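Structure, as structure tokens:
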Amino acid sequence: MESPLLKSPGAVPADAPDQEVAAHYGEPAQEQRALERGGAFVDRSDRGVVRVSGPDRLSWLHSLLSQSLDGLKPHEPTEALLLSPNGHIEHHLSLVDDGEAVWAHVEPGAAPSLVEFLDRMRFMLRVEVEDVSADYMVVTGPPVGEGLRWPDVAGTETRIVRRADGFPEGLRPAGLWAYEALRIAAHRPRFGVDTDHKTIPHEVGLIESAVHLNKGCYRGQETVARVHNLGRPPRRLVFLHLDGSVDRLPAHGDPVEIPGGRAVGTVGSAARHHELGPVALALVKRNVPVDVELLAGGVAAAQEVVVSPDTGANAQIDLRRRPANRG
């Protein structure tokens with residue numbers, strides 16, 4: 001569903017999967033600054049919105065998702081993952097219960113497959129699952145009032161609102177580039193962009209925010225428990241400070257290499273931050289030294305640790321660094 005804001009003066013469509021909303025409105029740096037100081041909102045109306053109602057909704061979702069939800073209080077936002085039987089991330093949900101239903105927003109185009117899976121798992125329980133993306137949309141902006149909202153990056157909030165109610169008044173629109181720059185700077189991975197079909201929660205730092213480690217069984221729990229107890233996931237998320245003298249950003253999927261040309265990972269998302277300059281997130285092999293210089297799509301990059309190479313409750317090993325040159 002193409003956003004009406006794409007018809008605004010200066011609006012430029014974002015790249016897939018966000019081609020239905022604006023990347024920017026002609027002033028990307030100014031838009032980012034306005035968003036960070038609370039003077040702008042971001043149209044994220046391409047995201048899917050799912051509503052789960054019925055008296056059994058919380059206990060039912062608790063049994064399916066990675067988060068502890070059976071005691072979730074009204075208007076208390078949280079995150080959850082739907083994992084494959086092998087522990088790979090299939091959906092990343094931001095959700096809240098309003099006392100009558102659970103509302104969740106997911107990646108563009110992801111709502112139908114999520115609803116299809118949930119519908120198959122209802123059995124005789126008193127729950128109803130709906131894809132309400134046609135009537136509701138996601139907007140990120142400064143904190144306002146009460147309602148269904150999630151704390152977000154740089155002092156912003158993300159809210160689910162009726163499409164018929166339109167966008168916030170009195171604020172300038174900021175494109176998705178502005179939001180993405182703040183998200184990357186906050187080290188927050190985006191499902192489907194900074195992850196792939198093999199990604200497990202420990203690799204991208206979603207354990208603390210989207211996984212409850214002491215709850216009962218759910219799909220994929222065995223992988224989560226094994227990595228948590230033994231440590232050493234195959235890959236780790238890194239934040240990259242990119243060479244600002246280069247006039248391009250690495251593209252999604254570009255190789256991450258170490259000196260000598262050996263590929264050790266792939267680029268996820270990249271953006272130009274108004275203070276930090278060009279930045280990116282990438283997934284690299286666990287055993288890449290934490291202080292080695294990298295090339296991301298041919299662009300020189302210094303890495304900042306997001307996920308320790310030895311993450312896991314019982315792994316107590318110092319971060320590996322290159323041996324000092326003793327001449």
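Of all residues in the range 107-128, those that are outside any loop (DSSP other than H, G, I, E, B) and either without any contact (Cβ under 8 Å) to a residue 24 or more places away in the chain or touching a His at 6+ places or on another chain (Cβ under 6 Å) (or both) total 5. Within the range 239-270, the set of residues being within 23 Å of ASP18 (Cα to Cα), surrounded by fewer than 24 Cβ atoms within 10 Å (Cβ to Cβ) and of a type in the set (Gly, Ala, Ser) comprises ALA251, GLY253, SER269. Quick check: is even one residue across the range 214-228 farther than 28 Å from GLU76 by Cα and buried (at least 16 other Cβ atoms within 10 Å of the Cβ)? Yes, because at least one residue in the range 214-228 is farther than 28 Å from GLU76 by Cα and buried (at least 16 other Cβ atoms within 10 Å of the Cβ). Selection of the range 271-302 for residues being open to solvent by 30 Å² or more (accessible area, probe 1.4 Å), under 20 Å from GLU203 (Cβ atoms) and not in a loop (DSSP other than H, G, I, E, B) yields only LYS285.
Hey, can you tell me all the residues within the range 130-165 that are open to solvent by 40 Å² or more (accessible area, probe 1.4 Å) and either more than 18 Å from VAL102 (Cα to Cα) or assigned to a loop (DSSP other than H, G, I, E, B) (or both)? Within the range 130-165, ALA134, ASP135, PRO143, VAL144, GLY145, GLU146, ALA154, GLY155, ARG163, ALA164, ASP165 qualify.
One residue stands out among those in the range 189-212 that are touching a residue at least 60 places away in the same chain (Cβ under 8 Å) and open to solvent by 40 Å² or more (accessible area, probe 1.4 Å): the one that is nearest to ASP152 (Cα to Cα), which is SER209. Checked across the range 172-179, the condition of being open to solvent by 20 Å² or more (accessible area, probe 1.4 Å), touching a helix residue (DSSP H, G or I) at 6+ places or on another chain (Cβ under 9 Å) and free of Cβ contacts under 8 Å to residues at least 40 places away in the same chain holds for no residue. For the range 48-69, taking the residues that are in contact with a Gly (Cβ under 9 Å, 6 or more places away or on another chain) and not hydroxyl-bearing (Ser, Thr, Tyr), the one that is surrounded by the fewest Cβ atoms within 10 Å (Cβ to Cβ) is identified as LEU58. For the range 44-71, a tally of residues being under 24 Å from ASP135 (Cα atoms) and among the aliphatic types (A, V, I, L, M) returns 5.
Consider PRO74 carefully, then state whether it is closer than 17 Å to GLU130 by Cβ and open to solvent by 20 Å² or more (accessible area, probe 1.4 Å).
On the way: closer than 17 Å to GLU130 by Cβ: no; open to solvent by 20 Å² or more (accessible area, probe 1.4 Å): yes.
Taking the combined requirement at face value, the residue does not satisfy it.
If you take the residues of the range 245-270 that are among the hydroxyl-bearing types (Ser, Thr, Tyr) and part of a strand (DSSP E or B), which of them is farthest from GLY192 (Cα to Cα)?
Result: THR266.
Candidates in the range 118-129 are the residues that are surrounded by 17 or more Cβ atoms within 10 Å (Cβ to Cβ) and in contact with a helix residue (DSSP H, G or I) (Cβ under 7 Å, 6 or more places away or on another chain); of these, the one that is nearest to TRP103 (Cα to Cα) is VAL129.
Selection of first residues in the range 272-292 that are of a type in the set (Gly, Ala, Ser) and of second residues that are surrounded by fewer than 17 Cβ atoms within 10 Å (Cβ to Cβ), restricted to Cβ pairs under 7 Å at least 6 apart or on distinct chains, gives the following pairs, ordered by first then second residue: GLY277/GLY244. Filtered by the rule that a residue be β-branched (Val, Ile, Thr) and closer than 18 Å to ASP194 by Cα, the range 56-106 gives ILE89, VAL106. Scanning the range 220-233 for residues that are part of a loop (DSSP other than H, G, I, E, B), at negative phi and at pLDDT 95 or above gives no hits.
The values are calculated or read from the model by the stated rules, or taken from the named source; none is laboratory data. Given the structure is predicted, the values throughout are model-derived calculations rather than measurements. Cβ: placed from backbone, ideal geometry, glycine included. Neighbour counts: every protein chain shown. To get the accessible areas, we keep the full protein, side chains included, count just its heavy atoms, and leave off ligands, DNA and RNA. Shrake-Rupley method; radii C 1.70, N 1.55, O 1.52, S 1.80 Å.
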